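Each remark here refers to the structure printed beneath this line.
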Amino acid sequence: MPWLTNVSDKGSNPLMATIKKADLAFKADETVVYASHGVGRITAIEEQEVAGFKLQVFVIFFEKDKMTVRVPIAKAAGSGLRKIVEPAVVEKVLEVLSEHARAKRGLWARRGQEYEAKINSGDLMMLAEVLRDLYRSPEQTEPSYSERQLYESALETLAREISVVYGISQTEAQMLIGQSLAKSPRASKGDPSPAATDGQDNEDEAA
């Protein structure tokens, strides 16, 4: 399929003239967040021809995964593409992390899917809720394998965006998250975390 030369938002260009002003919420070389992929950078705005129709797309590169994704401009907002949040939002996220975890009962398989959906949403508040509910202090029992996997995924995704917002390293962002989590009320040693209630698979707990 033919691709046009990369187009920036500078100067006069026929391609840019065909894109509605409302769609230009994003521009080339801008750092953005794309749902489950996390933080990426728009490297170009291109045009692709599909079945005789011209389609404008944002070309987004994700450094962590060394992956490039093309998102149709007309469907950018609905597909989960958004701008990096403001510092005020991060402050609210840190407050959520320090709240008391919410216990959820039922089969772990269903709750695990709920956590995964929150992570894939790319919403910082939902990511914070996952971390808050799955976090375990040193005094608590060890988490299961699946809990650890979900926790680490949410932690990495959240830390990546916070590092961009505050202009700090991802390691420093994770430390900031950890400090907020440490402020939340926790159960005593031997008690399960609020996330690990009735219905946890025995095999999963043994992992």
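The values are calculated or read from the model by the stated rules, or taken from the named source; none is laboratory data. All values derive from a computational prediction rather than experimental measurement. Here the Cβ is made from the backbone with ideal geometry for all residues, glycine too, and neighbour counts use every protein chain on show.
Things to note:
- Filtered residue count, segment 82-98, keeping only those that are among the hydrophobic types (A, V, I, L, M, F, W, C) and assigned to a loop (DSSP other than H, G, I, E, B): 2
- Taken over segment 54-72, residues that are part of a strand (DSSP E or B) and surrounded by 13 or more Cβ atoms within 10 Å (Cβ to Cβ) amount to 12.
- Scanning segment 38-54 for residues being modelled with pLDDT under 90 and touching a strand residue (DSSP E or B) at 6+ places or on another chain (Cβ under 8 Å) gives a total of 3.
- Top-ranked residue of segment 99-111 - restricted to ones that are touching a Gly at 6+ places or on another chain (Cβ under 9 Å) and assigned to a loop (DSSP other than H, G, I, E, B), ranked as modelled with the highest pLDDT: 107
- Breaking point among (1) part of a helix (DSSP H, G or I); (2) at pLDDT 95 or above, for residue 168: (1)
- Residue in segment 127-139 that is over 21 Å from residue 64 (Cα atoms), among the β-branched types (Val, Ile, Thr) and not in a helix (DSSP H, G or I) present: no
- Flag if residue 152 is surrounded by fewer than 19 Cβ atoms within 10 Å (Cβ to Cβ) and under 16 Å from residue 101 (Cα atoms): no
- Test: residue 144 is hydroxyl-bearing (Ser, Thr, Tyr) and farther than 16 Å from residue 39 by Cβ: yes
- Looking across 103, 51, one residue alone is loosely packed, with under 15 Cβ neighbours inside 10 Å, in the same structural domain as residue 150 (by TED's automatic domain parsing), out of contact with any Leu (no Cβ under 6 Å at 6 or more places or on another chain) and of a type in the set (A, V, I, L, M, F, W, C). It is 103.
- One residue from 161, 114 being in contact with a strand residue (DSSP E or B) (Cβ under 6 Å, 6 or more places away or on another chain) and assigned to a helix (DSSP H, G or I): 161
- Residue match in segment 76-99 (condition: free of Cβ contacts under 8 Å to residues at least 60 places away in the same chain, touching a helix residue (DSSP H, G or I) at 6+ places or on another chain (Cβ under 8 Å) and among the hydroxyl-bearing types (Ser, Thr, Tyr)): yes
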